């Protein structure tokens, strides 16, 4: 399971280690450029700006872009994230993340080789990943389905946690039942 950058890592893992993969869940993940939205997406552009110029003000800007309803973004949340950014700068994580923006491989052409069940989840108001990226993932993974949730941004698992947990749990149960039935045949 991967969200955002973790989703990109999950996509790479699914292609490179299919034999070690059982079920695959992607949220706000992308591979390849969007043909429908401006690239990079607004949130991704602000995150890159925050990495290049780490200030509390920039952290606040990108925090407001994660959710459809950003009312949870309080000074306490911003300070928590700002402190994490400063800690990452001390540890050298910032440079590693900046370098990660360059040279990210587009795995779209290889997704058809991944037979594993894949659930793609997208928040309708995601400002970090384009909707057509999720549609592309669903179209290229041969055993996949896509769920687009309204009134939700990039953090589906946070904003609509009950629906997210129910969707994932029911999907995983259904996949396990299908796997058990196939094993009996």
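Values quoted throughout were computed directly from the atomic coordinates according to the rules given, and no laboratory measurement underlies them. Values in this document were obtained by computation on a predicted structure and should not be read as measured data. All Cβ positions, glycine included, derive from the backbone under ideal geometry; neighbour counts span all protein chains shown.
In a fully extended conformation the segment linking residue 70 and residue 20 would gain 14.3 nm over its present Cα-Cα distance, using 0.36 nm per residue.
Arranged from fewest to most other beta-carbon atoms within 10 Å of their beta carbon, 86, 81, 150 become 150, 86, 81.
Which of 34, 4 has the fewest other C-beta atoms within 10 Å, and how do the rest follow up to the most?
Working: 34 16, 4 21.
Result, fewest neighbours first: 34, 4.
Per-residue ellipticity at 222 nm computed for the chain from its helices equals -15500 deg cm²/dmol, with DSSP H segments shorter than 4 residues left out and the rest contributing -39,500 (n - 2.57). Helix 161-184 against the longest principal axis of the chain: what's the angle in degrees, Cα atoms only, rounded to the nearest 10? Helix 161-184 sits roughly 30 degrees off the main axis of the chain.
Arrange 138, 39 by Cβ neighbour counts within 10 Å, fewest through most, would you? Each step should come with its number before you reach the end.
Values: 138 19, 39 12.
Going from sparsest to densest Cβ surroundings: 39, 138.
Modelled spin-label separation between residue 56 and residue 148, with each label point placed 7 Å from Cα along the Cα-to-Cβ direction: 3.9 nm. If you run the Gaussian network model on the chain, springs between alpha carbon atoms under 10 Å, then out of 57, 110, 76 the most flexible one is 76. Percent of C-alpha pairs per 10 Å bin in the chain, short distances first: 9, 34, 34, 18, 4, 1. Only Cα pairs under 8 Å and at least 6 apart count here; give the relative contact order of the range 1-149 as a rounded whole percent. Computed value for the range 1-149: 33 percent relative contact order.
Multiplying the sequence separation of residue 162 and residue 178 by 0.36 nm and subtracting their Cα-Cα distance, what value in nm do you get?
On the way: separation 16, 0.36 × 16 = 5.76 nm, distance 2.42 nm.
Between residue 162 and residue 178, full extension yields an extra 3.3 nm.
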